[in-house]
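As structure tokens, the structure follows; a few thoughts come after it.
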Amino acid sequence: MSNTRIAAVDVGNDSIKALFGELEYELNIPNIVARDTEDRPVIGIEELDSKNPLDGIHIKVHSPALKENNAIYRVGNLATKSSNATELDPGSAKSEEDQTLVMLFATLALDAVKEETAEIFPRAKNVIDANYTLGTGLPLREVKEGKDAGYRSKLVGSVHQVEFLVTPKYQGLKVNIKFNEVKIYPEGFAAYINLVMDNQLKIINKDLIDKRILIQDIGGLSTDIAVIKNRNVDDDKAQGFNLGVSESLEAIREEIRTKHGVELDSRRDVVEIITRKNDRNHIMVKGSRTSVHDITDRILLELAKKEYRLLRNVWQKNSQTEICYFVGGGANVLKEYLKTLNNNLDGYNIEFFEDEKESIWMMANAYYKLITDFVRKTEKPKAVKEPVKN
Ligand SMILES: Nc1ncnc2c1ncn2[C@@H]1O[C@H](COP(=O)(O)OP(=O)(O)OP(=O)(O)O)[C@@H](O)[C@H]1O
Ligand SMILES: [Mg+2]
């Protein structure tokens with residue numbers, strides 16, 4: 001059997017987070033795709049070579065798992081600039097969208113084409129045969145509906161090919177992706193695992209393990225609240241809401257544009273302005289340092305109130321809860337607002353992560369822990385010597 005490589009992939013509505021191998025490589029790609037044609041105009045081949053492949057992901061995807069096979073896509077940053085870009089619709093099922101698969105395959109292919117990966121996966125001319133042991137997740141809601149089985153079988157049953165078209169460095173390369181194994185974990189449960197266990201799945205948080213806890217994951221487009229009891233996710237209590245930070249970030253961007261005439265490139269820029277250590281909530285307007293605190297404060301407080309209402313609602317239904325952890329990128333952005341609201345209102349026992357990366361990479365880290373543990377447990381002891389065939 002050929003080599004297989006571990007991949008832990010969190011397909012977030014806002015961005016994909018992926019960890020590979022011995023954790024030596026990670027990827028974070030905006031979850032955005034746009035349909036395209038064979039040739040996208042580029043200035044010249046020199047420019048193509050010097051650019052970052054991640055800014056020019058332009059691929060054709062062949063896979064029986066897709067509803068639309070052999071379609072061409074711009075992915076991530078490159079798609080942002082397209083007028084026909086699509087982001088996942090909050091109401092849709094992650095497990096049933098082509099976009100989820102396109103993002104997943106693109107992410108794996110970007111790992112497989114790297115020079116560093118060449119020693120693991122065989123390369124014949126321009127074709128790379130990649131084999132992954134994948135840990136990933138789906139929203140609790142979809143797992144509850146049994147959609148994980150269908151999603152898994154779509155992945156394991158076939159070969160999925162990503163062909164790089166006009167992408168810097170990788171133009172003309174094809175990656176055939178096969179899965180040695182695919183494990184799909186429910187998102188809320190994964191967050192819990194990450195909280196209480198280390199990479200060897202040893203318990204690192206004895207105090208927490210038997211507590212009744214809530215995990216409120218504030219993402220780009222959705223908020224999920226997992227209810228943990230008896231070391232397990234309480235399926236019936238978990239709730240998902242179509243509320244995330246993307247809309248508020250967009251509103252801030254829009255108001256800065258109309259009020260100050262300053263066009264920020266993306267929501268990412270807004271995040272930078274509201275979270276940076278120095279000069280937070282300030283922008284330059286015609287060369288003058290200008291506060292946008294009034295705008296950010298009002299919009300974020302509004303969102304924080306909505307998030308707080310969700311917490312209150314779920315806590316009321318789970319009155320014996322001992323602590324709630326806020327995770328996801330939204331937790332970073334709303335941390336101070338939520339703390340203040342909580343101090344002035346119900347005074348729940350709530351907790352945030354100091355390190356913003358920990359909060360955002362929570363799911364990917366959890367899938368990594370779970371999939372490496374799975375591999376450890378199923379690995380057969382290596383035979384001392386292969387019998388010689390002749
Ligand atoms: N340090 C940060 N780096 C990047 N994004 C951040 C950061 N802090 C906050 N954000 C913002 O938080 C939001 C949510 O990010 P997150 O990665 O948690 O969403 P997601 O998991 O992709 O989405 P969902 O949970 O809805 O599927 C994004 O809009 C992002 O811009
Ligand atoms: Mg998320």
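The values are calculated or read from the model by the stated rules, or taken from the named source; none is laboratory data. This is a predicted model, so every value here is computed, not measured. Note that each Cβ is placed from the backbone with ideal geometry, even for glycine, and that neighbours are counted across all protein chains shown.
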**Report entry** From V113, V182, V196, residue being free of Cβ contacts under 8 Å to residues at least 40 places away in the same chain, under 21 Å from the mean Cα position of the chain (by Cα) and surrounded by 18 or more Cβ atoms within 10 Å (Cβ to Cβ)
**Finding:** V196
Query raised in the report: Which members of region 342-368 meet the condition of being part of a helix (DSSP H, G or I) and either closer than 17 Å to I193 by Cβ or within 16 Å of ligand 2 (Cβ to nearest atom) (or both)?
Result: E356, K357, E358, S359, I360, M362, M363, A364, N365, A366, Y367, Y368
Query raised in the report: What are the pairs, 6+ residues apart or on separate chains, where a residue within region 320-340 that is farther than 14 Å from I360 by Cβ has its Cβ under 6 Å from a residue that is more than 13 Å from ligand 1 (Cβ to nearest atom) and assigned to a helix (DSSP H, G or I)?
Result: T321/W315; Y337/L301; Y337/A304; L338/A304
Query raised in the report: In region 223-264, which residues are basic (K, R) and either exposed (fewer than 15 other Cβ atoms within 10 Å of the Cβ) or under 28 Å from D297 (Cβ atoms) (or both)?
Result: R231, R253, R257, K259
Query raised in the report: Is there a residue in region 314-321 that is of a type in the set (A, V, I, L, M, F, W, C), part of a helix (DSSP H, G or I), on the phi < 0 side of the Ramachandran plot and away from ligand 1 (no atom under 16 Å from the Cβ)?
Result: yes
Report summary line: Reported set for region 4-34 where residues are crowded, with 22+ Cβ neighbours inside 10 Å and among the small types (G, A, S) is A7, A8, G12, A18
Requested in this report: Identify, from the list I204, I209, the residue that is surrounded by 15 or more Cβ atoms within 10 Å (Cβ to Cβ), more than 16 Å from ligand 2 (Cβ to nearest atom) and closer than 20 Å to L370 by Cβ.
Outcome: I209
Report summary line: Note on I128: of the conditions (1) farther than 16 Å from V182 by Cβ; (2) surrounded by 20 or more Cβ atoms within 10 Å (Cβ to Cβ); (3) in contact (Cβ under 8 Å) with a residue 60 or more places away in the chain, unmet is (3)
**Report entry** Pairs with Cβ under 8 Å, 6+ apart, first in region 77-103 and touching a residue at least 60 places away in the same chain (Cβ under 8 Å) and of a type in the set (A, V, I, L, M), second within 15 Å of ligand 1 (Cβ to nearest atom) and assigned to a helix (DSSP H, G or I)
**Finding:** L88/K94; L88/Q99; L88/T100
Report task. Return the only residue of V314, V327 being buried (at least 16 other Cβ atoms within 10 Å of the Cβ), under 16 Å from S246 (Cα atoms), touching a Ser or Thr at 6+ places or on another chain (Cβ under 9 Å) and not basic (K, R). Result -> V327
Query raised in the report: Does K169 fit the bill of being modelled with pLDDT under 95, closer than 30 Å to N131 by Cβ and outside the structural domain of R123 (by TED's automatic domain parsing)?
Result: no
Report summary line: Residues of region 251-283 being among the acidic types (D, E) and more than 28 Å from the chain's Cα centre (by Cα), in sequence order, are D279
Query raised in the report: Does K206 qualify as being touching a residue at least 12 places away in the same chain (Cβ under 8 Å) and of a type in the set (K, R)?
Result: no
Report summary line: Picking from T223, T258, the residue that is within 13 Å of ligand 1 (Cβ to nearest atom) and either closer than 22 Å to V143 by Cβ or not hydrophobic (A, V, I, L, M, F, W, C) (or both) would be T223
